[in-house]
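Below is one structure; the comments refer to it alone.
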Amino acid sequence: MVVMATRPGALEIRSFQVGFGDCFLLSFFYGTGNRRHVLIDFGSTGITERGKKAPDSLAKHMAKIAGAIKNVCGADGLAAVVATHRHADHINGFGTDSKSGKSGIVIRDLAPKVVLQPWTEDPGAAKDATTATRDSSRSLRSTASVVASLAAMNRIAEQVTKLAARPPAWMSLAVQKELMFLGMSNLANRSAIDNLIAMGRRSGSTAVWAHHGSKSGLERLLPGVTVRVLGPPNLKQTDAIRKMRSRDPDEFWQLLAGTAAARDGRGVADLSAARGGGPPVPAGARWFRDRLDRLTGEQLLEIVRTLDQQMNNTSVILLFEVFGRKLLFPGDAQIENWSYALEDAPDAAATRKLLADVDVYKVGHHGSLNATPRKALWEKFSRRKNAELHTMLSTMPGKHGHATSNTEVPRRTLLTALAAESRLQNTMDLGFGAKGKLCNVLRLVPGQSPKAWAEPE
Amino acid sequence: MPTEPTTAAAAPVDRVPVRYMTIVAQDPSVRRDGRILTARVAVPAEDLRAGPVGYRVQLVDYDASTRRFHGAHQLPARYEEEPSAWRTGSPAIVGDFRFHAQNVYALVMITLARFEFALGRRIGWSFETHQLKVAPHGMRDANAFYSPVQEGLVFGYFDGRSGPVYTALSHDIVVHETTHALLDALRPRYMIPSNPDQAAFHEALGDIVALLSVFSLPELVAHVMAPAASAAAPAVKTIARSQCTPEALRQNALFGLAAQMGQEVSGVRGEALRKSARLDPSRRILDTPEFREAHRRGEVFVAAVLRAFIEAWSDRILSSGLNDQRAFPLARVAEEGADIADALATLWIRSIDYMPPVHLTFSDALTAALTSDTRVRPDDSRFALRRHLKRSFAQYGIAPVATAADNDCWSPPPANLAFDRIRFESLRTDKDEVFRFLWENQLPLKLRTDAFTRVSSVRPCVRVGPDGFFVRETVAEYYQVARLTPAELKAKQIVAPPALVAHLVQSGATRRRAAPAPAAFDPAPESGGLVADAAEAPESLLPALYGGGVLIFDEYGRLRFHVYNDVFGRRQSARLAYLWQEGLLRIRNGGAAYAAARLSTLHRLRAMDARKWPSEGW
């Protein structure tokens, strides 16, 4: 009988090429034949590089990545799956339908023992979702109402995607492009969500709904590894902050969602309708009418951006500590999520100290403007000196944001800092097709320098 | 064959100076005996076409969310012809779009009239055309905003707990948005990022004029004070002396109204009244990170004004009547409150002319208010507004500018000005004549000769003092603008943030090698350095520096005040640092441009109580 070691002797982190998305596989080695694998996110909203034709369909590509994950895990299966938040570029690989190449079936067959998601994904919390979404009263504010708002975002995304697919004449190309991208990211991914729930409910599996300071459920699966949940804060925790403020931002967030979704269920869809249904607009008022039409697209974009950001901020932030090394996986958490752990939480000072000597940092939100707090986090990473910090970035340029407004993803100034001050592994360097590589790998062994390489298909 | 006339045949019109209209006193949530509290207001009369369309406002009831036009509304020709449901505040008016149209039209017009009365002249909009466009049901959105690009106001609506909520039915929201449009007309550069106070002031003035406009309705003040009243005799309600202290008035009037205001609709802009009313004074409050956010910072300014309003009101009641008078008639208490609110709103509107056209600080605004009020209303004994304002602002750490005269007003201009080549009559209306005045007096006025100068407006005005005498003044604004290289900035002892310069060098290095060296300064002949202008000047690395001032001439053509900010002055270093820290500069094509403000975004951030961390971004 082989006795499993009480702590890992090595760790390999794979960052798979999923275009604009995240897919990280952590493999902990506990001596010969004993490995525990944790999959953090599996999703993509695009693998088509600008100006190039994608070698595969997205479905085919995701099936290929699922196969690669299966190959790495082998008979060990998956110890755990982490879905940091609900965005398509993080979870659509868990779908079991043909749109995702049935890649979720492969993952399900690897029988994860823990399925870790943010508290906002708890299906039990959404039982009175419809009522709560449309009502912004303080008394009804609850986990259910927040969850319902996320569901409303999914419904809006569906309408927005349809609108952007057949844009009205007044909609500018820039607005259409961004609405389409955000719409696609926020689509419900029902198949993926159902599969995640089903995996957590399987016999021998546990579903964990995490918030700041809660147990991750991974400890018992990963002896010798400490896993801390740093985010997202739950409502009780954020309420503690709001006592000092006079207003509950959740109310407005729900109001936004309710407004865009609209009571009659048409909401965004109305925007693509033909003009009419009333008396003709007087000639002298048509100039303003046309301006209003254009303005509506911009306002819708503003609402969708806000809701999209709220979704990002439900991301689970995990800190792994293993043989004296620290690995930080923040999903797409942006500054609003980070601020609780770093500033407002009772243990914020201890967290800041804990994060100061992080060894491996998964770059937040594909390298966006606001997901790697510059002063509160990045500048505090002591291992940036002598470039001892390892960073892993999974992204694809040209998909999100605009260089003209300094919102492009990945943000060029962040890329410059990552390249100059850390050892960066970037999926942008992997390419696609025959000459492309499958994933970046980082191997950590106690007492040895980390090794990084790109693995072929 | 005779041609059909393209306009409707002229109908006989009552040539009366004002037209009375019913409006919602605050919003449909404020009710008395189950009926919406309404008020009757006097609107300047005009030939009003269906829409309604008047000479300053064009209302277009088009809903861009449903793409439906709700028709051109023909308003009742006179108050007596209004449906009784309007005048009695029937809950049915919430669904009556014709009433919505009247409500918005009347509130926009009385706000415009209030500004024109206070400033003593007609006020054009910030855009070239004459009519402000207004969409009372513009889109399904929990927002309302002024958009200079659209030349109009857009009021949204949304599904509330018990039915649709229309922002166009909220007195304070309509006046707030109209005030944005009017301030933009008077001080267009306040929309360009400069310092935390200036960004906050746009919101603060909107709130001040809106809230004081609500409180200037005696019907509404009597209504909110009613719970504190007792019946001394049938139909005679009184307020006990103990209910007239500042604290009691704050509780009864401010919080009383705040409690009744529609919770949902107040969410649209973040509960301005409730938040400002409960902001306790603190001299250090503006130094805290929370109050560096524009929407929160503005609340401090509003809190200081509301505090002065309550103190003046309390003083006025308690110092009237007999020394031992134990109660005061409710009607009189309400009337005094409404009068003080009206006087205070006028004071703040009038002060705009005395504010520098760029880089406004709260201290500048306070000094401008004290100066303009002293000019028109030298005797402050009735309401003691200046005394209360000074004390209240001091409690929030806001003092008149350090260079103010002994009476806390702007200091007079230098005495050695040259007028001998100036034509007095032309000076009242002609930009070229004012420019000549500046040209002849560059040194005593401390104008920078190496910056581009442009006179942007000359406005003669006649203000009426409470004593019935006229104060005739001419207000002229000018701007100075210059673009400098980092080396030139240094020579003028202006510090650009090192990180900004490094960024510019990094992003513009390649292009600059190919481009000719930038000139010492780029005069930007037409627009004088507007946002777009800065963005379209590829050879310019750093953002344009602005300066400029306002010249107040008296009726004899003498310069009474020169309120200005030096284009190369010490505020520029702090301004560049602020813009950089707050992420308000965009680096592109090797140059820096200003991030233009959008009021719709600001309102949304405010409603969400959003916090920004610009220093944490990339």
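Since every read-out is calculated from the coordinates, none of them should be taken as a lab result. For clarity, every value in this text was computed on a predicted model and none was experimentally measured. Glycine also receives a Cβ, built like all others from the backbone with ideal geometry; neighbour counts cover every protein chain displayed.
General observations
- For the range B:353-512, a crude dipole built from +1 on the beta carbon of Lys and Arg and -1 on the beta carbon of Asp and Glu, taken about the Cα centre, is about 500 debye to the nearest 20.
- The number of Lys pairs in chain B with C-alpha atoms less than 23 Å apart, excluding pairs fewer than 8 positions apart on the same chain, is 5.
- Residues B:35, B:586, ranked from the fewest to the most other C-beta atoms within 10 Å, line up as B:35, B:586.
- Computed about the Cα centre, the dipole magnitude for chain B is approximately 960 debye when only Lys and Arg (+1) and Asp and Glu (-1) carry charge, each at its Cβ.
- Each residue, residue B:442 and residue B:555, gets one label point 7 Å from its Cα in the Cβ direction; the gap between the two is 3.5 nm.
- Amide H to amide H, with H built 1.01 Å from N, residue B:586 comes under 5 Å of B:593, B:594, B:595, counting only residues 5 or more places away or on other chains.
- Each peptide in A:68-78, B:566-576, B:130-140 was scored by the mean count of other Cβ atoms within 10 Å over its residues; highest first, the order is B:130-140, B:566-576, A:68-78.
- Magnitude of the charge dipole, the protein assembly as shown, Cβ model with Lys/Arg +1 and Asp/Glu -1, debye to 20: 2540 debye
- Three principal axis extents describe the C-alpha atoms of the range B:313-445; from largest down they are 64, 33, 23 Å.
- For q = 0.12 Å⁻¹, Debye-computed log10 I/I(0) when each Cα of chain A counts as one equal scatterer: -1.03
- Förster-model FRET efficiency, 41 Å R0, residue B:78 and residue B:598, C-beta, rounded to 0.05: 0.55
- Axial C-alpha extent at least 30 Å, average Kyte-Doolittle at least -1.0 - helices from chain A (DSSP): A:143-165, A:286-312
- Between amide H atoms placed 1.01 Å from N, distances below 5 Å from residue B:31 occur with B:37, all of them 5 or more places distant or on a separate chain.
- Across every pair of non-identical alpha carbons in the protein assembly as shown, the mean reciprocal distance, once inverted, gives a Kirkwood radius of 31.7 Å.
- Segment residue A:4-residue A:188, extension gain: residue separation times 0.36 nm, minus the distance between their alpha carbons: 62.2 nm
- Shape descriptor for the range A:13-88: Rg over Rh equals 1.03 (Cα atoms; Rh from the Kirkwood inverse mean 1/r).
- Lysines whose Cα lies under 22 Å from that of residue A:215, excluding same-chain neighbours fewer than 8 positions away: A:113, A:236, A:326, A:353, A:362
- Cα→Cβ-extended label distance, 7 Å offset, between residue A:219 and residue A:412, nm: 4.7 nm
- 3J(HN,Hα) couplings calculated from phi for the range B:453-468 with the Karplus curve 6.51 cos²θ - 1.76 cosθ + 1.60 (θ = phi - 60°) are, in sequence order, 10, 9, 8, 9, 7, 9, 10, x, 9, 10, 9, 9, x, x, 7, x Hz; Gly and Pro show x.
- Largest first and in whole Å, the equivalent-ellipsoid semi-axes of the range A:303-457 read 24, 23, 13, each the square root of five times a Cα gyration tensor eigenvalue.
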